Amino acid sequence: MKKSSPAYYLILVCALLGACSSLKETYLATPSAKPKPSATVTMVPIVLIPTELPSNTPTLAPTPFPTYPTKQVLLEYVVTGDHSLFDIYYVDGLSTESNLILYSDGQLIISGKKYEQKILSDHEITQLLSKLESLGFYTLQSNQKYDPTDKLYNFGSDQYESSFDGLYDCVVLNGARPRTLCVYESLKQYLVPGMKNILHFLDNYRPAGLSPYYPDRMFLWIQEGRDPNNDNLPKEAIPWPASLPAPDTSNYGMTFVDGIAAKTIYSLFANVNSEQVFTYNGIEYTVLIQIVLPHEEITNVYR
């Protein structure tokens with residue numbers, strides 16, 4: 001998972017806020033197995049721009065995020081309900097964890113210990129969607145209340161206990177027959193067999209021909225010293241790449257990178273979402289990365 005210490009992250013997000021007071025359609029940027037280096041390296045220290053400023057407040061003019069041709073989602077298997085310190089930079093206000101995502105141009109991205117991708121053929125897309133339908137995706141009944149009235153669950157003789165804080169696993173299908181089914185993770189043991197089979201299928205879906213996915217956008221959180229909230233940091237720090245600007249801990253350590261800079265940094269993490277420790281001018285820095293997927297809209301305008 002890309003998130004750790006949710007309470008700690010929420011404190012940082014609050015600090016940031018306080019400081020600011022029909023399948024194949026044509027889309028741009030269809031990726032190859034290995035992305036081409038961009039012409040420029042963009043590392044943008046993040047400053048949030050409030051949409052309204054008091055009359056006596058100078059106008060802020062940080063560098064905006066580069067424009068990006070976002071893609072349309074056809075199918076997504078996503079975890080939601082958690083929080084991270086990056087949430088405020090997403091247009092919808094939440095950075096989710098996509099386990100599997102299929103775009104309308106055929107690009108499939110599967111996350112896990114490492115991110116993988118493939119461009120699915122029309123036949124492979126049809127097979128995938130047909131499999132979901134055969135497993136009952138459109139026939140399962142649910143009022144999405146996550147309680148004994150929700151027919152996705154069978155509590156049997158067990159006493160139901162309500163909960164208001166937790167994660168949800170959602171299967172979102174767009175297109176001609178859109179539907180979303182979400183399950184409450186703490187109630188997974190009570191799911192009816194049909195929904196269990198759907199989640200099992202998506203958890204294990206691995207088409208032949210997958211290759212590594214190299215992100216072209218990401219956020220960095222850079223902290224001087226070692227993160228005291230992570231006991232699993234690598235013992236040995238690695239040098240910060242000389243080809244990149246110095247690590248910037250201003251603006252709460254938030255930095256946005258894209259293009260070849262994103263690929264370079266991702267490779268230093270062994271192509272895994274994690275925290276890493278770097279050295280620069282004899283000082284250690286902890287760096288957390290947050291991959292921004294092709295469909296995700298981001299902004300540095302505080303709404």
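The values are calculated or read from the model by the stated rules, or taken from the named source; none is laboratory data. No experiment lies behind these values; they were computed from the predicted model shown. All Cβ positions, even for glycine, are placed from backbone atoms using ideal geometry, and neighbour counts span all protein chains on display.
Exactly one of (1) part of a loop (DSSP other than H, G, I, E, B); (2) at pLDDT 90 or above; (3) in contact with a Gly (Cβ under 8 Å, 6 or more places away or on another chain) is unmet by Pro207. Its number?
All conditions pass for Pro207, except number (3).
Can you find, within the range 127-174, the residue that is farthest from Val79 (Cα to Cα) among those that are part of a strand (DSSP E or B) and not β-branched (Val, Ile, Thr)?
So the residue we want is Tyr153.
Can you pull out every residue in the range 124-181 that is among the small types (Gly, Ala, Ser), surrounded by fewer than 16 Cβ atoms within 10 Å (Cβ to Cβ) and closer than 30 Å to Ser84 by Cβ?
Ser162, Ser163, Gly166, Gly175
From the list Thr255, Thr264, pick out the single residue that is of a type in the set (Val, Ile, Thr), under 16 Å from Val292 (Cα atoms) and in contact with a Phe, Trp or Tyr (Cβ under 8 Å, 6 or more places away or on another chain).
Thr255
Listed here are the residues, each with its yes/no results for (1) outside the structural domain of Ile110 (by TED's automatic domain parsing); (2) of a type in the set (A, V, I, L, M, F, W, C).
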position: Asn197; (1), (2): yes, no
position: Pro215; (1), (2): no, no
position: Met218; (1), (2): no, yes
position: Ile238; (1), (2): no, yes
position: Gly259; (1), (2): no, no
position: Ala262; (1), (2): no, yes
position: Ile265; (1), (2): no, yes
position: Tyr285; (1), (2): no, no
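Restricting attention to the range 210-255, and to residues there that are small (Gly, Ala, Ser) and within 19 Å of Asn300 (Cβ to Cβ), which single residue is modelled with the highest pLDDT?
Once the filter is applied, the top-ranked residue is Gly253.
Only residues that are part of a helix (DSSP H, G or I) and either under 14 Å from Tyr77 (Cα atoms) or assigned by TED's automatic domain parsing to the domain that holds Tyr77 (or both): list them for the range 177-195, please.
Residues satisfying the conditions are Glu185, Met195.
From the list Phe86, Phe164, Phe65, Phe155, which residue is assigned by TED's automatic domain parsing to the domain that holds Lys196, within 30 Å of Trp221 (Cα to Cα) and of a type in the set (A, V, I, L, M, F, W, C)?
The unique qualifying residue is Phe164.
Return yes or no: is Glu161 modelled with pLDDT of 95 or more, over 22 Å from Leu293 (Cα atoms) and charged (D, E, K, R)?
No, not satisfied.
For Tyr252, indicate whether it is among the aromatic types (Phe, Trp, Tyr) and either in contact with a helix residue (DSSP H, G or I) (Cβ under 7 Å, 6 or more places away or on another chain) or within 28 Å of Thr70 (Cβ to Cβ) (or both).
Taking the combined requirement at face value, the residue satisfies it.
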